[in-house]
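Q: Mind having a look at this structure? Questions to follow.
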Amino acid sequence: MDGFPLKITEAVCLGTSLAISGICYYLYRKSRTTVDKLDDAPQLTVNRQLKHILKVTPGACLQYAVIEGTVQPVGEPLTSSYQKEIAGVLKKFMLREHRLVWNSLSHTWTDSERVVHQRVNVVPFMLVGPDDTSVRVLYPLQASGAHMEITHEKFHQVNYSLSDIVGQYLSGEKLKGQLETEEMLKVGATVTGVGELILDTDGTLCLRPPSNCSQYFLSIMDFDTLRANQASAAVWWKALAIGFALAGTAVLLWVGRRYYYHLKLRWEREQERMEFERLQAEAPRARSAITGLTDSTEDHIENACVICLSQPRNCILLDCGHVCCCYNCYQGLPRQQCPICRQSINRVVPLYHA
Ligand SMILES: [Zn+2]
Ligand SMILES: [Zn+2]
């Protein structure tokens, strides 16, 4: 693309849309792989049979399996700090600060959130099947999926004095308040676990994060809902990847269209020049007619080109009709504009004197 400038906005739009499309495609592939792995994972019932299945499995380990059971603590359970009757095995306390920040671009107050404090407590627990067979859940904090329920939520609003309000408008920041939440995985909740299932040397069944980099799930939803959520996430990522790829293609087409017109213009000027040269070379008589000068008057200053002052004026600029320059100087004009009246030049024709 010699001499063809790619505008900075076009380059930025193209780069951004292709980069976002790439990220979305990567996330789509990841969600799709997770869905495929969930489809391939055997769904097992937590009962006495499970130990026998693992005993005959090589390495006493199933790399990716789905189980469902009721949450029971191994020792003493945790209790909610706000509702003493609620017992759980995982407890997460979070304090978030909500602020309104003045956005000088959009001239509005926008909400911003920041985690001020977070505390997680966990006690060993297991998933218990219908016949009291249990599976120990290892590293539950590494699991994704919705397995916590909100047990407490309270927003502490801030009361302002007049001086606070003045200060807020000067600083461009308003403190709205603090939101405290407590989430728990409750004892007795039915949980779907997807991960690596092993039979330990002491005969304990354990569920742990898969060693083959598959996703580890603990969820209070049933398996079908869990799978459907992953599948819909994959669809969304795919749609976004296609959308951004299309946006990138649109920018490319736009640039291509501009490049096409650029080439077309160059080709047209080249054709115009060849036509001019052909007319000049065709007959010496015609040439003198074009120049409008005889050999004896070649230095006649009145008819000289206004740009180079040495060549005769030999072309008519249209649509304004000015005869002011030679063809070489016309081709050298930085813009397609008449040097006399600044009107744009649509066509140029040789000058003939009858
Ligand atoms: Zn000239
Ligand atoms: Zn003109």
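All of the numbers you see were taken from the coordinates with simple rules; none came from a lab. A quick note: this is a predicted structure, and the numbers were derived from the prediction, not measured. As a convention, Cβ positions derive from the backbone with ideal geometry for all residues, glycine included, and neighbour counts pool all protein chains shown.
Q: Ordered by packing density, taken as the mean number of other Cβ atoms within 10 Å over each peptide's residues, highest first, how do 168-175, 37-44, 113-120 rank?
A: Highest to lowest by the protection proxy: 37-44, 168-175, 113-120.
Q: For a quick check: sort 48, 269, 313 by the number of other beta carbons within 10 angstrom, fewest at the front.
A: Values: 48 10, 269 14, 313 23.
Ordered from fewest to most neighbouring Cβ atoms within 10 Å, 48, 269, 313 come out as 48, 269, 313.
Q: Can you show me the helix-derived [θ] at 222 nm for the chain, built from DSSP H runs with n ≥ 4 at -39,500 (n - 2.57) apiece and divided by the number of residues, rounded to the nearest 500. Walk me through the numbers before you get to the answer.
A: Numbers: 6 runs with 125 residues, N = 354.
-12000 deg cm²/dmol, from helical runs alone.
Q: So how do 66, 349, 194 line up by other beta-carbon neighbours within 10 Å, fewest first?
A: In order of increasing Cβ crowding within 10 Å: 349, 66, 194.
Q: Please list the helices of the chain that count as membrane-span-like by this rule: a mean Kyte-Doolittle hydropathy of at least 0.0 together with Cα atoms stretching 30 Å or more along the helix axis, each helix being a complete DSSP H run.
A: Helices meeting the criterion: 8-40.
Q: On to the next question. Could you tell me which of rounded, prolate or oblate describes the range 107-172, using a ≥ b ≥ c as the square roots of the eigenvalues of the alpha-carbon gyration tensor, with rounded for a/c under 1.5 and, failing that, prolate when a/b is larger than b/c and oblate otherwise?
A: It is prolate, given that a/c is not under 1.5 and a/b is the larger ratio.
Q: Could you run the Debye sum over the Cα atoms of the range 62-221, one equal point scatterer each and no solvent, and tell me log10 of I(q)/I(0) at q = 0.14 Å⁻¹, two decimals?
A: -0.77
Q: For the chain, with a Gaussian network of springs between Cα atoms less than 10 Å apart, report the residue from 333, 207, 54 with the top mean-square fluctuation.
A: Maximum fluctuation in the GNM of the chain, among the listed residues, is at 333.
Q: Roughly how large, in nm² to one decimal, is the mean projection of the convex hull of the alpha-carbon atoms in the chain? Walk me through the numbers before you get to the answer.
A: Details: hull surface 136.7 nm².
Result: a mean projected hull area of 34.2 nm².
Q: Could you check the simple spin-label distance between residue 316 and residue 158, using points 7 Å along Cα→Cβ, in nm with one decimal?
A: Those two pseudo-labels are separated by 7.8 nm.
Q: On a 22 Å Cα-Cα criterion, which of the cross-link pairs 92/186; 154/174; 91/154; 51/91; 55/186 come out too long?
A: Beyond 22 Å: 51/91; 55/186.
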